[in-house]
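The values are calculated or read from the model by the stated rules, or taken from the named source; none is laboratory data. Everything numeric here is computed off the predicted structure, so don't read it as measured data. A quick note on method: Cβ atoms are made from the backbone with ideal geometry, for glycine too, and the neighbour counts reach across all protein chains shown. Side chains included, ligands, DNA and RNA excluded: accessible areas come from the protein's heavy atoms. Shrake-Rupley method; radii C 1.70, N 1.55, O 1.52, S 1.80 Å.
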Amino acid sequence: MEIRQNFSLQPLNTFGLEATADNFTAIFSENELRTALRSGLRPVFILGGGSNILLTGNLRGLVIQNKIGGIEIIPKSKNKVWVEVGGGVVWHEFVLWAVENGFGGVENLSLIPGSVGAAPVQNIGAYGVELKDVFVKLSAIDLKTGKKQGFSKAECQFGYRNSFFKNAGKGRFCITSVTFELTTAGHKINTNYGDLQKTLAENGISNPQISDISRAVIQIRSSKLPDPAKIGNCGSFFKNPEISREEYDNLLEINEKAPHFPLPDGRVKVPAGWLIEQCGWKGKRVGNAGCYEKQALVLVNLGGATGEDVKKLAADIIQSVFEKFGVSLEAEVNIL
Ligand code: EPU
């Protein structure tokens, strides 16, 4: 384990923003992590795939990139396995591994950028499935004490793009492994999401297997979301706002076509992409940052943007959505 100084984080964040870490190291095991912590360098920031951070300046202290690997299969019952996956494993590589092995449960979460250890932090979700649906437990190292701690599903307090690790547990842990429950037979195929049904029909598939779902999700994501290797981005920049029925009624008075998804508690989720598009931002460029032309919820680095450029664009979008619709958008990306 080597600690490097003034280390460029540009290749390690999917926005491709230029920023350095005062000190940087990559760790491949829990013991290497403990050694890094013993350096005494503070504050510590744990980096996963760098796909949900907006760097607005250099990072002080010590940046630790979690590269802890490994996948272990734990047979559970006739139709179920538990799979314990290292926090540094690339999420999509884990999904492809599961699909290839005929393990069901994560196929709807294909092609999500980032690492397995970062996935529970924001309870990643797409096309009708969230991480919490397949989650069993996780192991983490307390950055203060170096001690290992287990977290059950309840302790993780999962919500929409939210968890304990974004609230009281923020910045306190490095997630070293995550255990999932996957099916080996009798898979729960989830095709509720409209886009997914449409793509499967276009592919001529009426009885989809997990590999068909994975392929269709990859197709949809590739057609709507920019590839971070080509255009810097962090996926959805904002959360879809959840508003009250009254607020939604006000929205309908402004635009009777406002799309919405009813929530179990009577509130309503409105697609932020639609609100942003209605305010004329879709495809708009401001300096070197922009609002993606095919999905307004995604902000992009069009080349040479700074974190401040993206942050300013986000603030302008929040203000204009609020002025037009009275709805407050909240960033989903972690702004550093
Ligand atoms: N829409 C527009 N204009 C746009 C974009 C969206 O009008 O530019 C409206 C349309 O009505 C569309 C609806 O929004 O039907 C939903 O759009 P989409 O299916 O693309 O999903 P989303 O709500 O914009 C969410 C997640 C994505 C996830 C997709 C699919 C959040 C913040 N985002 O986006 O997650 O892939 O659903 O499940 O919940 C991410 O978190 O980084 C991410 C990409």
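Can you tell me, using C-alpha contacts under 8 Å and at least 6 residues apart, the relative contact order of the chain as a whole percent? If you can, show how the numbers build up before the last one.
Working: 713 pairs, mean separation 54.6, N = 336.
Relative CO of the chain lands at 16 percent.
Once the dipole of the chain is set up with Lys and Arg at +1 and Asp and Glu at -1 on Cβ about the Cα centre, which of G283, G194, L54 lies farthest towards its positive end?
L54
Would you pull out the residues with amide H under 5 Å of I335's amide H, same chain only if 5 or more places away, H placed 1.01 Å from N?
For I335, whose amide H was placed from the backbone, the distant partners under 5 Å are L54.
Which Cα, out of L109, G86, V310, lies furthest along the positive dipole direction of the chain (beta carbon charges, K/R +1, D/E -1)?
G86
Provide the gained length on full extension for the span A185 to R267, in nm with one decimal, where the gain is 0.36 nm per separating residue minus the Cα-Cα distance.
Details: separation 82, 0.36 × 82 = 29.52 nm, distance 3.59 nm.
Contour length minus the Cα-Cα distance gives 25.9 nm.
Once ligands and nucleic acids are excluded and a 1.4 Å probe is used, how much of D227 is accessible, expressed in Å² to the nearest 10?
Rounded to the nearest 10, the figure is 70 Å².
Apply the Karplus parameterisation 6.51 cos²θ - 1.76 cosθ + 1.60, with θ equal to phi minus 60°, to every residue of the stretch 21-34 and state each ³J(HN,Hα) to the nearest whole Hz, in sequence, with x for glycine and proline.
9, 4, 9, 9, 8, 10, 10, 10, 7, 5, 5, 5, 4, 4
Can you pull the percent of the chain's accessible area that's carbon plus sulfur, 1.4 Å probe, other chains left in place?
Numbers: 7680 of 15780 Å².
Carbon-and-sulfur percentage of accessible area, whole number: 49.
Would you tell me the accessible area of S244, worked out with a 1.4 angstrom probe on the heavy atoms of the protein chains, in Å² to the nearest 10?
30
Once you've got the GNM for the chain with C-alpha springs shorter than 10 Å, pick whichever of L313, L41, L225 has the biggest mean-square fluctuation.
In the Gaussian network model the winner is L41.
Under 16 Å from the Cα of K144, which aspartates and glutamates turn up, not counting those fewer than eight places away in the same chain?
Candidates past the 8-residue exclusion: E30, E32.
Per residue of the stretch 94-104, in order, report the coupling 6.51 cos²θ - 1.76 cosθ + 1.60 (Karplus, θ = phi - 60°) as ³J(HN,Hα) in whole Hz, putting x for Gly and Pro.
5, 4, 4, 4, 4, 4, 4, 8, x, 9, x
Amide H to amide H under 5 Å from L47: which residues, 5+ apart in sequence or cross-chain, H placed 1.01 Å off N in plane?
Excluding prolines and chain starts, which carry no amide H, the hits are I64, Q65, N66.
How many angstrom lie between the Cα centre of the stretch 304-329 and the Cα centre of the stretch 81-137?
With the stretch 304-329 and the stretch 81-137 each reduced to a Cα centre, they are spaced 31 Å.
If I ignore ligands, DNA and RNA and count only protein heavy atoms, how much of E256 is accessible to a 1.4 Å probe, in Å² to the nearest 10?
150
About the Cα centre, and with charges only on the beta carbon of Lys, Arg (+1) and Asp, Glu (-1), how big is the dipole of the chain? Nearest 20 debye, please.
On the way: 37 positive and 34 negative charges, 144 e Å.
Computed charge dipole of the chain: roughly 700 debye.
Taking amide H positions as placed 1.01 Å from N in the peptide plane, with prolines and chain starts having none, which residues 5 or more places from L59, or on another chain, fall under 5 Å of its amide H?
For L59, the qualifying residues are T20, A21, D22.
If you take the beta carbon distance between E32 and E100 as r and set R0 to 25 Å, what does 1/(1 + (r/R0)^6) give as a FRET efficiency, to the nearest 0.05?
On the way: r = 29 Å, r/R0 = 1.16.
Efficiency, from the Cβ-Cβ distance: 0.30.
Would you work out which of L96, S211, F322 lies farthest towards the positive end of the dipole of the chain, given +1 charges on the beta-carbon of Lys and Arg and -1 on that of Asp and Glu, about the Cα centre?
Of the candidates, L96 comes out farthest on the positive side.
Please compute the per residue accessible area over the chain with all protein chains in place, 1.4 Å probe, rounded to a whole number of Å².
Per-residue accessible area for the chain comes out at 47 Å².
Between V90 and E18, what length comes free when the chain is fully extended (0.36 nm per residue of separation minus the Cα-Cα distance, one decimal in nm)?
Working: separation 72, 0.36 × 72 = 25.92 nm, distance 2.24 nm.
The span from V90 to E18 would gain 23.7 nm if fully extended.
Enumerate the calculated ³J(HN,Hα) couplings along the stretch 230-241 in order (Karplus 6.51 cos²θ - 1.76 cosθ + 1.60, θ = phi - 60°), each rounded to whole Hz, writing x wherever the residue is Gly or Pro.
Result, rounded to whole Hz: 10, 10, x, 6, 10, x, 4, 7, 10, 7, 6, x.
Treating the beta-carbon of each Lys and Arg as +1 and of each Asp and Glu as -1, no other charges, what is the dipole magnitude of the stretch 33-86 about its Cα centre, to the nearest 20 debye?
Working: 8 positive and 2 negative charges, 28 e Å.
Approximately 140 debye in magnitude.
Defining a contact as two alpha carbons under 8 Å apart and six or more residues distant in sequence, what relative contact order in percent does the stretch 1-153 show? All intermediate terms of the calculation are to be shown ahead of the outcome.
Values: 281 pairs, mean separation 26.0, N = 153.
With pairs under 8 Å counted, the relative contact order is 17 percent.
State to the nearest 20 debye the size of the charge dipole of the stretch 221-336 about its Cα centre, where the only charges are +1 on K and R beta carbons and -1 on D and E beta carbons.
About 500 debye.
Using a 10 Å Cβ count of at most 12 others and DSSP loop calls, identify the longest part of the chain lacking such trypsin sites (Lys or Arg not before Pro). It would help to have the intermediate numbers written out before the result.
Working: sites that count: R38, K78, K144, K147, K170, K188, K230, K257, K294.
Here the longest run is 79-143.
Helix-derived [θ] at 222 nm for the chain: sum -39500 (n - 2.57) over DSSP H runs of at least 4, divide by residue count, nearest 500? Numbers along the way, then the final one.
Working: 8 runs with 82 residues, N = 336.
Counting only the DSSP helices, I get -7000 deg cm²/dmol.
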